[in-house]
Amino acid sequence: MKRLSIFSALIAFAACGGGEPADTAADSSAASAPAAAPAAASANLPGGALMLPDWMAFDAAANTVHITLTAGSTNTNNYWNFNGATKGNMAITVPVGATVTIDLVNSDPAMGHSVGVSAETKSFGAMMDPVPVFAGAVTENPSSMVGATMPGETDTITFTADAAGTYTLVCYIPGHATTGMWVYFVVSADGEAGMQGAM
Ligand SMILES: [Cu+2]
């Protein structure tokens, strides 16, 4: 009697087109499995063709590169970004031997930032030693929350990228690189310049 009545109810449910059976949507265990994949992918260099954005100028004859790097150009990552990019989702490439000038513009309304060329490409601690890979490749007082490049300020650095390799541009204010305030900086042995990835 009972079984029959349940069966009758299912027939009635299906017959009137009463929507999805609840059981098929209830199992959500499969949804959690792929969550780790995007984080792993972001640790890799972005691909695609090199392009010259309007904030980057390259003079091949003189082998000079001029980069305008804006901290907090968008509110991505609570303004803790370089030209809107975080966590290595952008790569800036310059030729080996180039004279590189970076204007660090701080457009974050609240927080000081800095930039330097680091050899670190994998593990970004809360406190990073602000010793740049290339002489002069770090802004003033890079770890100081009150003495770094403050909101509205610009700090310009010039250095020679004299060894090819894959490096990063990081902010040395404690905790900033850890939360993602870093992008890749590639010194190319092939004389290339440009950027790849997010803007
Ligand atoms: Cu910062």
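Quick notes
- Computed from the C-beta positions of Asn44 and Thr179, the FRET efficiency with R₀ = 30 Å rounds to 0.95.
- Of the peptides 159-168, 55-64, the ranking by mean beta-carbon count within 10 Å, highest at the top, reads 159-168, 55-64.
- For Met90, nonlocal amide neighbours, meaning residues 5 or more places apart or on other chains whose placed amide H falls under 5 Å from its own, are Tyr184, Ala198.
- Of the solvent-accessible surface of the stretch 55-197, computed with a 1.4 Å probe and all protein chains present, 52% belongs to carbon and sulfur.
- Fraction of antiparallel bridges per DSSP, the stretch 48-157 only, in percent to nearest 5: 60
- The string of couplings for the stretch 76-87 from the Karplus curve (6.51, -1.76, 1.60, θ = phi - 60°) is 4, 6, 6, 6, 8, 8, 10, 6, x, 9, 9, 6 Hz, one whole number per residue in order, with x for Gly and Pro.
- Cβ-based net charge around Pro142, under 11 Å, with every Lys or Arg adding one and every Asp or Glu removing one: -3
- The calculated FRET efficiency for Lys122 paired with Asn75, based on their beta-carbon distance and R0 = 25 Å, is about 0.40.
- At 0.890 mPa s and 25 °C, Stokes D of the stretch 55-197 from Kirkwood alpha-carbon radius, µm² per second: 168
- Taking every alpha-carbon pair within the stretch 129-199, the share separated by more than 21 Å comes to 32 percent.
- A straight chain from Ala61 to Thr156 at 0.36 nm per residue would run longer than the Cα-Cα distance by 32.0 nm.
- Residue by residue, the stretch 139-153 carries 3J(HN,Hα) couplings of 7, 5, 6, x, 9, 8, 5, 10, x, 7, 7, 8, x, x, 8 Hz when phi is fed to the Karplus relation 6.51 cos²θ - 1.76 cosθ + 1.60 (θ = phi - 60°); x denotes Gly or Pro.
- Simple spin-label estimate for Thr166 and Thr99 gives 3.0 nm between the two label positions (7 Å along the Cα-to-Cβ direction from each Cα).
The values are calculated or read from the model by the stated rules, or taken from the named source; none is laboratory data. As the structure is a prediction and not an experimental result, all values here were calculated from the model. Don't worry about glycine lacking a Cβ; one is built from the backbone with ideal geometry, like all the others, and counts go over all protein chains shown. For the accessible areas, the whole protein counts, side chains as well, though only heavy atoms, and no ligand, DNA or RNA atoms are used. Shrake-Rupley method; radii C 1.70, N 1.55, O 1.52, S 1.80 Å.
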